[in-house]
Ligand code: C5P
């Protein structure tokens with residue numbers, strides 16, 4: 001991490017969880033080219049952390065009047081597959097917020113020595129893994145910079161900005177458990193009692209969401225499966241019922257592109273998972289367990305060549321803002 005290059009001005013940190021789709025049904029293709037979805041989303045305890053700091057000439061860089069010359073930089077470890085600064089969703093979220101809140105006009109200034117906002121990212125959520133890693137980072141950037149820059153935009157406005165960045169971003173701004181419709185951006189809260197434990201099989205080979213939807217177009221028809229059984233299992237906190245109800249219409253498309261994913265699902269079920277489902281558009285495959293001990297037993301029954309596994313619980317709240325001592329404006 002480039003921490004030695006990061007200045008010690010006011011700063012905030014946001015810890016943000018990954019998401020899983022407990023249910024995803026593709027109802028058809030919309031006029032805007034996106035797919036109409038009915039999906040149940042829940043945050044799961046795999047977290048990225050985003051830190052944002054103000055830096056610049058002493059006494060001037062942190063003054064609101066200087067914000068029009070804000071420069072945004074993204075500092076992060078070399079994480080394989082993480083998009084370069086200009087395409088990174090956290091950076092795009094920062095720019096969207098800056099424009100919406102009037103912090104900067106148009107492109108950020110690159111004046112040498114001018115005030116800067118430095119964004120650092122520590123990632124544990126897999127990149128392009130179907131767990132909303134990029135969307136979670138965008139949500140974290142919106143929440144962090146809304147605070148750091150003193151924009152005071154309400155969460156609803158952050159969700160609207162998020163919807164322009166990606167279909168999962170509005171959910172990542174609020175977290176918890178939600179039923180999403182439309183592109184996945186219209187959210188209704190869902191009651192979930194208790195916690196669920198997952199064994200996630202991570203996969204180092206990213207799978208493009210757009211490619212999975214294109215494959216769905218080529219081989220699948222709109223579905224009418226309803227999420228009632230999932231909603232009922234969440235209300236009852238019944239992991240066996242939830243395991244049986246897990247559903248993802250993108251599986252046939254993802255399995256056509258990556259046949260090994262179907263095999264990974266079968267291995268989880270054979271190893272005793274209550275249910276197994278592709279996370280979003282994949283390639284992360286999730287197995288549902290009775291609790292952490294059961295998840296460890298399932299993991300122990302899998303061959304070591306299965307690759308990296310993570311045990312995590314859901315729901316995992318939403319973005320959590322930490323105002324450090326230096327964050328007082
Ligand atoms: O919204 P987001 O940028 O995350 O979507 C990535 C890609 O996934 C889109 O470009 C689109 O191809 C596909 N997608 C879709 N319908 C949705 C969500 C995503 O077709 N509801």
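Worth pointing out:
- If you go through segment 189-227 and keep only what is more than 22 Å from residue 252 (Cβ to Cβ) and within 16 Å of the ligand (Cβ to nearest atom), you end up with nothing.
- Wholly within segment 227-329, strands (runs of 3 or more DSSP E) carrying at least 2 residues that are touching a residue at least 60 places away in the same chain (Cβ under 8 Å) and crowded, with 19+ Cβ neighbours inside 10 Å: 275-278, 285-289, 309-314
- Condition broken by residue 141, with the remaining ones in (1) part of a loop (DSSP other than H, G, I, E, B); (2) more than 12 Å from the ligand (Cβ to nearest atom) satisfied: (1)
Matching residues to (1) within 16 Å of the ligand (Cβ to nearest atom); (2) in the same structural domain as residue 213 (by TED's automatic domain parsing); (3) buried (at least 24 other Cβ atoms within 10 Å of the Cβ):
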residue: 15; (1), (2), (3): no, no, no
residue: 18; (1), (2), (3): yes, no, yes
residue: 22; (1), (2), (3): no, no, yes
residue: 31; (1), (2), (3): yes, no, no
residue: 35; (1), (2), (3): yes, no, no
residue: 38; (1), (2), (3): yes, no, no
residue: 43; (1), (2), (3): no, no, yes
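The values are calculated or read from the model by the stated rules, or taken from the named source; none is laboratory data. Treat the numbers as computed from the prediction; the structure is a model and nothing was measured. Counting neighbours? That spans all protein chains shown, and the Cβs are built from the backbone with ideal geometry, glycine included.
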